Amino acid sequence: MAAALTQLQTLTTVASSNRGGSVPFHDKLNCFGEVSSFYEVSGHISGLHRHANVCFGGNFAKAHKRTVVQAVLSSEKEIQGVNITGGIRGKLNKVVLAYSGGLDTSVIVPWLRENYGCEVVCFTADVGQGIKELEGLEEKAKASGACQLVVKDLKEEFVRDYIFPCLRAGAIYERKYLLGTSMARPIIAKAMVDVAKEVGADAVSHGCTGKGNDQVRFELTFFALNPALKVVAPWREWEITGREDAIEYAKRHNVPVPVTKKSIYSRDRNLWHLSHEGDILEDPENEPKKDMYMMSVDPEDAPDQPEYVEIGIDSGIPVSVNGKKVSPVSLLSELNEIGGRHGIGRIDMVENRLVGMKSRGVYETPGGTILFTAARELESLTLDRETIQVKDTFALKYAELVYAGRWFDPLRESIDAFMKEITKTTTGSVTLKLYRGSVTVTGRRSPYSLYRQDISSFESGQIYDQADAAGFIRLYGLPMRVRAMLESQRGI
């Protein structure tokens with residue numbers, strides 16, 4: 001305990017003397033031992049970098065009210081075959097690795113050390129994938145040979161600054177996909193660039209394969225935010241071709257192999273969605289198995305009574321559920337629960353990947369499906385015809401840019417500014433009925449509604465004179481009349 005406090009005090013002194021610049025984490029904090037009480041040391045870390053939290057005994061011990069978690073750890077583990085003055089493929093100083101704790105990223109740690117003679121800082125972003133995905137990360141990182149582990153809670157930022165802008169824009173890729181993974185990659189990559197600056201890293205690395213979209217999304221963000229960073233993509237360099245090769249490599253380098261049961265599906269989960277790929281889904285003729293789904297019940301097993309939910313929206317952004325204002329994360333989490341129990345938001349699609357091939361994916365987006373339906377219906381009241389048509393056109397391009405990893409592209413940012421401007425009056429509420437997989441709109445209202453009952457009514461009114469329609473139709477149909485007259489004269 002005393003040793004841990006001494007190291008905390010050392011880090012506090014270093015952090016305090018470096019305010020306004022990056023915090024040098026080169027002096028590691030050894031914190032893998034058991035600590036009787038976190039409160040014994042909490043007062044000693046208040047001077048750390050503004051978001052610091054420390055991991056003790058496998059738990060994330062909160063040291064600050066802010067949402068970002070940083071767990072700084074040290075490993076004395078030596079990887080066989082590592083040359084600290086340089087690696088097989090060259091020399092890097094320090095690499096920030098996008099880290100999940102699974103087999104692939106656990107193997108990447110020693111591979112980076114062996115091939116680039118570098119220190120490896122493992123980075124994990126919490127974007128709502130669930131607490132089980134975060135458990136035991138510090139032990140796994142240490143066992144793999146990492147020098148530091150950094151964990152950041154990005155959930156609020158993810159929903160507020162990435163999900164909600166896409167929702168406001170109405171961005172849907174190829175008529176179905178609500179961009180769950182596409183939105184998450186830029187915020188993770190951005191956080192990696194920030195961590196690289198904080199720890200003095202000269203490179204970043206990810207575990208994406210060379211056949212998918214994610215490699216592009218990560219690397220375009222790196223290029224946009226810090227083009228000086230070197231990017232290492234092991235799956236495009238190493239000789240490992242599959243799970244068995246990875247296990248063998250781990251054994252040769254004394255890296256414990258994760259013993260969790262291998263899922264037959266490739267999944268990606270965050271607060272917005274859960275995606276499923278692989279196994280029987282690779283044949284587009286196969287129906288997904290019932291037990292594959294995790295966020296939603298089968299619509300056939302959903303309650304036989306509908307549930308009504310009211311979504312409050314302010315300037316195109318959701319702010320309340322059933323009249324109660326809540327934070328972005330709480331709002332989406334609640335709608336995921338509500339929609340999930342009614343089997344809402346299941347999508348099965350064949351999409352065109354950025355790299356050229358087609359792939360089949362099944363997506364669960366219960367809360368997102370509810371929000372998209374509500375936002376679109378409210379716009380039917382608040383936007384005129386021309387604006388809706390232009391917005392829908394731009395939404396297609398917006399979705400393309402996000403899917404392709406161009407979040408920090410000036411074009412996406414410009415379209416986003418347009419979307420923000422035209423949805424200023426998209427304020428009000430929408431009531432939806434959820435029943436066995438379906439979302440039905442039952443009511444909508446807005447103080448900025450362009451709908452006028454006194455005009456739209458079939459009863460006569462003073463504002464709209466039905467007799468005026470005759471002249472409008474003659475003028476509107478003039479091009480068709482002229483063409484018909486020409487064809488008649490020519491005997492066509």
Please report, in Å, the Rg and the Dmax of the range 315-387, where both are computed over Cα atoms only. 15.5, 45
May I ask you to compute the full-extension gain from MET480 to GLN466, defined as 0.36 nm times their residue separation minus their alpha-carbon distance, rounded to one decimal in nm? 2.8 nm
In cubic angstrom, how much convex hull volume per residue do the alpha carbon atoms of the range 101-191 span? 118 Å³
Those GluC sites (Glu not before Pro) in the range 94-160 that DSSP places in a loop and that have at most 16 other beta carbons within 10 Å: GLU135
Counting Lys +1, Arg +1, Asp -1, Glu -1, what net charge surrounds ASP298 among other residues with beta carbon under 14 Å of its beta carbon? -2
Taking Cα pairs under 8 Å and at least six residues apart, what relative contact order does the range 328-427 come out at, in percent? 23 percent
Put THR426, THR431 in order of accessible area, largest first, 1.4 Å probe: what do you get? THR431, THR426
How far apart, in nm, are two points set 7 Å out from the Cα along the Cα-to-Cβ line at SER488 and at GLU248? 8.3 nm
Please provide three numbers in whole Å: the alpha-carbon extents of the range 144-192 along the principal axes, with the largest listed first. 44, 20, 13
What are the GluC sites (Glu not before Pro) within the range 252-332 that DSSP puts in a loop, where the Cβ has at most 13 other Cβ atoms within 10 Å? GLU285
If you project the alpha carbons of the range 367-490 onto their three principal axes, what span does each projection cover, largest first, in Å? 56, 40, 33
Give a quick list of trypsin sites (Lys or Arg not before Pro) in the range 346-403 that DSSP marks as loop, anything other than H, G, I, E or B, with at most 15 other Cβ atoms within 10 Å. ARG353
Here the gain from full extension of GLU307 to ASN322, 0.36 nm per residue of separation minus their alpha-carbon distance, amounts to 4.2 nm
Using mean Cβ contacts within 10 Å as the protection proxy, how do 329-337, 442-450 order, highest first? 329-337, 442-450
Separation between Cα centres of the range 436-492 and the range 203-258, rounded to whole Å: 57 Å
If N is the number of residues in the range 240-382, what value comes out of its Cα radius of gyration divided by 2.2 N^0.38 Å? 1.34
In the neighborhood of SER182, defined by Cβ-to-Cβ distances under 12 Å, what is the net charge if each Lys or Arg adds +1 and each Asp or Glu adds -1? 0
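The values are calculated or read from the model by the stated rules, or taken from the named source; none is laboratory data. Just so we're clear, the structure is a prediction, and the values are computed from it rather than from any experiment. Here Cβ is always computed from backbone atoms with ideal geometry, including for glycine, and neighbour counts include all displayed protein chains. For the accessible areas, the whole protein counts, side chains as well, though only heavy atoms, and no ligand, DNA or RNA atoms are used. Shrake-Rupley method; radii C 1.70, N 1.55, O 1.52, S 1.80 Å.
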